[in-house]
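Data block below; observations after.
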Amino acid sequence: DDKAENFNPDANIDDNSCIILEGGDAYIRFGDFNNSDSTLEVFITLYRRIYELEFNTQGFGIKNIFDGVFIDNEFTITSQDSEEGSFYFAKSTYGFFPLEQSTTLLFKAKILPLSNTFCLKNIKSKDLDNIFQELIIINYI
């Protein structure tokens, strides 16, 4: 379906993997990973205001967030490391509301790669009904 967030024009089999967002949904996907400076982009598509977002990282830790919605909208980010990975909680008094239906840079960060598979897990927000996400596999050496 060409209205899907994860539309692939080369797909020739309907595997029911299309993600079509409704008003209270969000889609979070990885952007570019720059191997030379260990920066990673994460994008979000959503159609309502969010004030908070929590997630765990697997395969990487975040050293410093320096661009995107979290920075531009004055989100406070706290983190806690555990045996299962790192937990992050981002909260803003003003929140973020997309003015048009588009994909926006949620954050760009300097990261510490821990494996060749990066994943955001346990993504939650009291502001959203459903959050869809993707896994990324990186050839990190």
Quick test for you: out of Gly95, Gly85, Gly61, pick the one residue that is surrounded by 15 or more Cβ atoms within 10 Å (Cβ to Cβ) and closer than 18 Å to Ser125 by Cα. Gly95
Residues to consider are Ile13, Ile20; find the one that is in contact with a Lys or Arg (Cβ under 7 Å, 6 or more places away or on another chain), modelled with pLDDT under 70 and not small (Gly, Ala, Ser). Ile20
Out of everything in the range 73-131 that is among the charged types (D, E, K, R) and closer than 17 Å to Glu41 by Cα, what residue ends up being farthest from the chain's Cα centre (by Cα)? Lys110
I'd like the full set of residues that are open to solvent by less than 50 Å² (accessible area, probe 1.4 Å) and among the acidic types (Asp, Glu), limited to the range 19-30. Asp25
Can you name every residue in the range 98-117 that is buried (at least 16 other Cβ atoms within 10 Å of the Cβ) and in contact with a Lys or Arg (Cβ under 8 Å, 6 or more places away or on another chain)? Ala109, Ile111
Contact list, first residue from the range 53-78 and under 15 Å from Gly31 (Cβ atoms) and without any contact (Cβ under 8 Å) to a residue 40 or more places away in the chain, second anywhere and assigned to a strand (DSSP E or B) and among the hydrophobic types (A, V, I, L, M, F, W, C), beta-carbon distance below 6 Å, six or more apart or interchain, is Val69/Phe96; Val69/Leu106; Phe70/Ala90; Phe70/Phe107
Have a look at Phe43, Phe33, Phe55, Phe70 and point out the one that is assigned to a helix (DSSP H, G or I), on the phi < 0 side of the Ramachandran plot and crowded, with 16+ Cβ neighbours inside 10 Å. Phe70
For the list (1) touching a Phe, Trp or Tyr at 6+ places or on another chain (Cβ under 7 Å); (2) within 14 Å of Arg49 (Cβ to Cβ), I need the number of the one condition that Lys126 fails. (1)
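The values are calculated or read from the model by the stated rules, or taken from the named source; none is laboratory data. Keep in mind that this is a model prediction, so the values were computed, not measured. No Cβ is skipped: glycine too gets one built from the backbone with ideal geometry, and neighbour counts run over all protein chains shown. Calculation scope for accessible area: heavy atoms of the full protein, side chains included, ligands and nucleic acids excluded. Shrake-Rupley method; radii C 1.70, N 1.55, O 1.52, S 1.80 Å.
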